[in-house]
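Data first, discussion second: the structure below is written as structure tokens.
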Amino acid sequence: DTGVSQDPRHKITKRGQNVTFRCDPISEHNRLYWYRQTLGQGPEFLTYFQNEAQLEKSRLLSDRFSAERPKGSFSTLEIQRTEQGDSAMYLCASSLFGASRSGYTFGSGTRLTVV
Amino acid sequence: SQQGEEDPQALSIQEGENATMNCSYKTSINNLQWYRQNSGRGLVHLILIRSNEREKHSGRLRVTLDTSKKSSSLLITASRAADTASYFCATGDTGANSKLTFGKGITLSVRP
């Protein structure tokens, strides 16, 4: 297992377009998290899954954002009608247990630029 | 929202010196973790300290936790140029399904 994989690494899109990102976690990890990070800031929580169930979604997340984790394996994060404010690094992480017991393994992220 | 506040925001030291970074938080936690991030990359987990622990070591890293002051410090001894990165503290709250909440980070520059 080579760790958490994210695809694509970079995405440039025009405002108003939809984008979808993919995350492949470590295979034995049952928890998967999505964070967003802007320049000079720490990662901001978006949502997380335990197996295929989405357990929590940030109240800051607009309805344009949706995430899925079918069959409890890979996950996708879709942003509809992108806005310039969506430009950020989108980070995926996975863990075997919750944050109360273990650290996260992060992917390298997908950098989104909305023009 | 961000729970941890790191201090200083930026730190520049000479190779071989020790680097000390501090983190303060606001609410009760189950554990506190430190991560490193190289420019444009994902975060790498460094160390986890539980709320009932006061000090933990891992290689050149030493982390302390003072729950009465709601603060933690990360010490990197004998720093190397390769330690140049951003460092984040993250807190896991006491809930069973807790997630990590990250601070804004500290930029460490180690001059060769």
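One residue stands out in segment B:10-23 among those that are away from chain A (no Cβ under 14 Å) and of a type outside the set (A, V, I, L, M): the one that is surrounded by the most Cβ atoms within 10 Å (Cβ to Cβ), namely B:ASN22. On the basis of being modelled with pLDDT under 95 and more than 17 Å from B:LEU43 (Cα to Cα), does A:ASN18 make the cut? The answer is no for A:ASN18. Summed over segment A:2-34, residues that are within 11 Å of another protein chain (Cβ to nearest Cβ) and more than 14 Å from A:GLU68 (Cα to Cα) total 6. When B:LEU48 is tested against (1) more than 8 Å from every other protein chain (Cβ to nearest Cβ); (2) more than 17 Å from A:PHE45 (Cα to Cα); (3) assigned to a strand (DSSP E or B); (4) of a type in the set (A, V, I, L, M), exactly one condition is not met: (1). Checking B:GLY42, B:GLY105, B:GLY92 one by one, the residue that is on the phi > 0 side of the Ramachandran plot and surrounded by 19 or more Cβ atoms within 10 Å (Cβ to Cβ) is B:GLY105 and no other. Quick one: is A:GLN54 free of Cβ contacts under 8 Å to residues at least 40 places away in the same chain and outside any strand (DSSP E or B)? For A:GLN54, the condition - free of Cβ contacts under 8 Å to residues at least 40 places away in the same chain and outside any strand (DSSP E or B) - is not met.
Across segment A:63-115, which residue is modelled with the highest pLDDT among those that are buried (at least 18 other Cβ atoms within 10 Å of the Cβ), touching a His at 6+ places or on another chain (Cβ under 7 Å) and part of a loop (DSSP other than H, G, I, E, B)? Among those that are buried (at least 18 other Cβ atoms within 10 Å of the Cβ), touching a His at 6+ places or on another chain (Cβ under 7 Å) and part of a loop (DSSP other than H, G, I, E, B), it is A:TYR104. Applying a threshold of 8 Å to beta carbon distances and a minimum spacing of six or more residues, or different chains, the list of pairs starting in segment A:9-27 at a residue that is in contact (Cβ under 8 Å) with a residue 40 or more places away in the chain and closer than 13 Å to A:PHE74 by Cα and ending at one that is of a type in the set (Val, Ile, Thr) and assigned to a loop (DSSP other than H, G, I, E, B) reads A:CYS23/A:VAL4; A:ASP24/A:VAL4; A:PRO25/A:VAL4; A:ILE26/A:VAL4.
For segment B:31-45, what are the residues that are over 13 Å from the mean Cα position of the chain (by Cα) and more than 9 Å from chain A (Cβ to nearest Cβ)? Residues satisfying the conditions are B:ASN38, B:SER39. If you go through segment A:80-112 and keep only what is within 9 Å of chain B (Cβ to nearest Cβ) and on the phi > 0 side of the Ramachandran plot, you end up with just A:GLY109.
Checked against the criterion of being outside any loop (DSSP other than H, G, I, E, B) and among the hydroxyl-bearing types (Ser, Thr, Tyr), segment B:61-70 contains one or more residues that satisfy it. Each residue in segment A:47-57 was checked for being surrounded by fewer than 20 Cβ atoms within 10 Å (Cβ to Cβ) and either at pLDDT 95 or above or under 12 Å from the mean Cα position of the chain (by Cα) (or both), and 1 of them qualify.
The values are calculated or read from the model by the stated rules, or taken from the named source; none is laboratory data. Predicted model, so just to flag it, every value in this text is computed and none were measured. So basically every Cβ, Gly included, is an ideal-geometry build from the backbone, and we count neighbours across all protein chains shown.
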